[in-house]
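Reviewing the structure listed below.
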Amino acid sequence: MFRPDLESGLARVVQGEPTLLVNSPSIDAIAVGLNHLAGNRFSIAPFLMISMSENSSHDLETCQGLVDQAVSRGQLTPSAAENIRTWLTDAGYQEYVSQLVDHVKQGKWQVLDDVFWTVIPFGTGGRRGRMYPIGSNAINDRTIGESAQGLAEYVRQVKPDGPWSAAIAYDTRHRSREFAELCAGILVANGFRVFFIDDYRSTPELSFLIRWKGCDCGLMVTASHNPPSDNAVKVYWSSGAQLIPPHDQAVIEQVNQVQQFEVTDFEAAVQNGSIVFCREETDRAFLQAHLQHSMAGPRDLKIIYSPLHGVGEYNVKSLLNEVGFHDTEIYEPHRRPDGDFPNVPGHVSNPENAEVFSQIIDHARQVKADLIMASDPDCDRLGAAAPLTLDPAGPWKTFNGNQLGVLLAEFLLADRAARGQLTPQQFLVTTLVTTRMANRIAQAYGVRCFSDNLVGFKWICDVIDRQGPDDFLFGFEESHGYLVGQYCRDKDGAVACMLMSQLAARVKSEGLSLHQYLDQLYLKYGYYVEGLATIQMEGSDGMRRMSALMDKFRTAMPERLGGLNVASRRDYLHGVTVTASGDEEPLAGPTYNLVFLDTDVPGNYVAARPSGTEPKVKFYLFAHVPPDGLGDLAVAKREMAERINGFQTTLQELADSV
């Protein structure tokens, strides 16, 4: 793909062939066999020849020599050098050669190593990373374009006779609209009809749109709660869920084979009906889908909601108003859609972080609010805070994702049980690193709970479809993702906001705060506490450290963990449980790079896994006191907090050793 300067483009003859000369600051790209020219983009595939001027050829030879020298001096990894050579010499990358040459000549080896050392992969959340204009390991026009083209190729392979359709949406991040238009143009060039939400909207609304319009696939341009430097494309299948095997690997294979891609002019495609704007009708239908899951009850609640500079207000405000919560304030400092997230601490709009709520809590005390809720930039996650008592002027505290999950699970199951609408076939779904309190709640209500699932909400959605959507009650994961119903196949911050508001209003009418209600659940089911520790491992050396740390978990199991004896190691990558004495037995469950260390006290354990979407290793920490061991809940909370801290200290020592 080229973006020519049409005013300086000159037709001439090179080696007897008619060509178009495209001038750029450092390179003359000469295209043979021009197929079509439209707007500011043109495609010359599949008949392409590149001819360099003598100076450009010399620049490339010089650059390749400099790259070789950088490898020999240890300034550049061999894998980065290989990817750089590909971008310098292959026809499909000519648009980026000028910038790449400049980087090489300026000796920006660390930058080049970071953005070229690998090909940016698909993880649990799709293809995600730092934006940079060039690089196989960065988010840019090329890597986003490859993703869209690879997806199109695979859909056409699976469904060769067509017709094909796709849905596309985007969030408030930098370049999200540009990337969305690029993907739409690529899909249209491949024969797709594209349903395009022509404004900032949420990821779950995209999932809903795929299912509602019967699309073959979908693309959501968002990096969720990542820093402002990042962006991503999430890829969805016809189910409305993110890709799982065999589709994920098949799409990756197609992406890796992409050499060039054609891009249809966006405005022209809108005019001819290949791209269909559908925001208003999708908004209306999505709202109606949400309303199907509204719970009856009191509505006396003052709410403060923050979209954290993202898309959430478009769905959440209208939904809360529709179900009767008319005293809802949008937190003004976080209201404006802005990819820099300027008024969020650290500029990271992650509702998992308690720091996000600190300023909002100060405001909530002043206006006597009962509940604060926040969603991440693409509104698929919910975070919340509430006063410890019914006095909003008193102390406040945030909830972690597990606590919100068990609050909603109890609320939904208790309501259904009261109406006689529970059966033994119905089920909850969680993951391997989600609180086991969910299993205990499901058991108490006589329903099933599927918790032996990989990290990532797409695996929860896979269980929904395999076990039967009609019996699905509720799904959640520890990272603040929640879903009810069948209308979409991804976590949904808006529906979670609605249900949490309805729960808070109900317990307030009973004289309780949400925190007091949660304490009652602990007394009923036992005290469960979880922690999350993250070790960042950036750059090309980060992958080596991540691998070394996971290997150490497998080969050097510690004897003690936070003062408790380590009894066994569960290794899901190799499907084996190894006891402290060295005995092995097969481990049932999914295959994944996930390791658990179980102590000799049931319910007290840790897990480690490398993130599927970010350069870091995550540690999940779990402590538990059964109901019959709870003398004083306050004492149990202090003791388990100390235990979690002890776990974290042991794990940090392990991480520091690699």
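The values are calculated or read from the model by the stated rules, or taken from the named source; none is laboratory data. Just so it is clear, the structure is predicted and the values come from calculations on it, not from any experiment. FYI the Cβ positions are ideal-geometry reconstructions off the backbone, even for glycines, and counts take in every protein chain you see. Surface areas here come from the heavy atoms of the whole protein model, side chains and all, with no ligands, DNA or RNA. Shrake-Rupley method; radii C 1.70, N 1.55, O 1.52, S 1.80 Å.
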Residue set Thr398, Thr389, Thr435; condition of a type in the set (S, T, N, Q), closer than 30 Å to Pro627 by Cα and crowded, with 24+ Cβ neighbours inside 10 Å; output residue Thr435
Only unsatisfied item for Ile644, checking (1) at pLDDT 95 or above; (2) open to solvent by less than 50 Å² (accessible area, probe 1.4 Å); (3) more than 11 Å from Ala533 (Cα to Cα); (4) of a type outside the set (Gly, Ala, Ser), is (3)
Reported set for the stretch 351-369 where residues are open to solvent by 30 Å² or more (accessible area, probe 1.4 Å), outside any helix (DSSP H, G or I) and touching a residue at least 60 places away in the same chain (Cβ under 8 Å) is Glu352, Lys368
Restricting the stretch 62-74 to residues that are open to solvent by 40 Å² or more (accessible area, probe 1.4 Å) and either within 12 Å of Arg85 (Cβ to Cβ) or assigned to a loop (DSSP other than H, G, I, E, B) (or both), the one modelled with the lowest pLDDT turns out to be Gln64
Checked the stretch 585-601 for anything out of contact with any Gly (no Cβ under 8 Å at 6 or more places or on another chain), surrounded by fewer than 18 Cβ atoms within 10 Å (Cβ to Cβ) and modelled with pLDDT of 95 or more; matches are Glu585, Asp600, Val601
Listed by first then second residue, the pairs whose first member lies in the stretch 248-259 and is closer than 10 Å to Glu146 by Cα, whose partner is open to solvent by 40 Å² or more (accessible area, probe 1.4 Å) and of a type in the set (Asp, Glu), with beta carbons under 8 Å and at least 6 positions apart or on separate chains, are Gln254/Glu153; Gln257/Glu153; Val258/Glu153; Gln259/Asp90
When every residue in the stretch 370-383 that is part of a loop (DSSP other than H, G, I, E, B) and within 25 Å of Ser224 (Cβ to Cβ) is compared, the one most open to solvent (accessible area, probe 1.4 Å) is Arg381
Among the residues of the stretch 111-129, the number that are open to solvent by 30 Å² or more (accessible area, probe 1.4 Å) and modelled with pLDDT of 95 or more is 1
- Task: Examine the stretch 472-491 for a residue that is touching a residue at least 40 places away in the same chain (Cβ under 8 Å), part of a helix (DSSP H, G or I) and either closer than 23 Å to Pro204 by Cβ or open to solvent by less than 30 Å² (accessible area, probe 1.4 Å) (or both), and state whether such a residue exists.
- Result: no
Quick check, is Asn321 closer than 18 Å to Asn226 by Cβ, modelled with pLDDT of 95 or more and open to solvent by 60 Å² or more (accessible area, probe 1.4 Å)?
no
Here is a check on your reading of the model: is Ala232 over 18 Å from the mean Cα position of the chain (by Cα) and among the small types (Gly, Ala, Ser)?
no
Are any of the residues in the stretch 502-511 modelled with pLDDT of 95 or more, outside any helix (DSSP H, G or I) and surrounded by fewer than 22 Cβ atoms within 10 Å (Cβ to Cβ)?
yes
Among Ala442, Ala417, Ala386, the single one that is outside any loop (DSSP other than H, G, I, E, B), in contact with a His (Cβ under 7 Å, 6 or more places away or on another chain) and closer than 23 Å to Ser294 by Cα is Ala386
(1) within 31 Å of the chain's Cα centre (by Cα); (2) part of a loop (DSSP other than H, G, I, E, B) all hold for Ala607 apart from (2)
In the stretch 559-573, residues that are touching a helix residue (DSSP H, G or I) at 6+ places or on another chain (Cβ under 6 Å), assigned to a loop (DSSP other than H, G, I, E, B) and surrounded by 17 or more Cβ atoms within 10 Å (Cβ to Cβ) total 1
Within the stretch 297-318, restricting to residues that are in contact with an Asp or Glu (Cβ under 7 Å, 6 or more places away or on another chain) and in a loop (DSSP other than H, G, I, E, B), the one that is most open to solvent (accessible area, probe 1.4 Å) is Lys302
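Per-residue answers, yes or no, for (1) surrounded by fewer than 20 Cβ atoms within 10 Å (Cβ to Cβ); (2) closer than 20 Å to Asp171 by Cβ; (3) at pLDDT below 95; (4) of a type outside the set (S, T, N, Q):
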| residue | (1), (2), (3), (4) |
| --- | --- |
| Arg279 | yes, yes, no, yes |
| Arg284 | yes, no, no, yes |
| His290 | no, yes, no, yes |
| Pro333 | yes, yes, no, yes |
What about Ser224, is it crowded, with 24+ Cβ neighbours inside 10 Å, in a helix (DSSP H, G or I) and touching a strand residue (DSSP E or B) at 6+ places or on another chain (Cβ under 9 Å)? no
Checklist entry - Do the conditions hold for Asn343, that is, is it free of Cβ contacts under 8 Å to residues at least 40 places away in the same chain, outside any loop (DSSP other than H, G, I, E, B) and of a type outside the set (A, V, I, L, M)? => result no
Restricting the stretch 202-221 to residues that are in a loop (DSSP other than H, G, I, E, B) and open to solvent by less than 10 Å² (accessible area, probe 1.4 Å), the one farthest from Gly346 (Cα to Cα) turns out to be Cys215
Per the filter on the stretch 238-247, residues over 14 Å from Gln157 (Cα atoms) and either open to solvent by less than 40 Å² (accessible area, probe 1.4 Å) or assigned to a helix (DSSP H, G or I) (or both) are Ser239, Gly240, Ala241, Gln242, Leu243, Ile244
Residue pairs within 7 Å by beta carbon, gap of at least six or interchain, first lying in the stretch 174-187 and open to solvent by less than 10 Å² (accessible area, probe 1.4 Å), second assigned to a loop (DSSP other than H, G, I, E, B), listed first then second, are Ser176/Thr222; Leu182/Val263; Gly185/Val263; Gly185/Thr264; Gly185/Asp265; Ile186/Phe261; Ile186/Val263
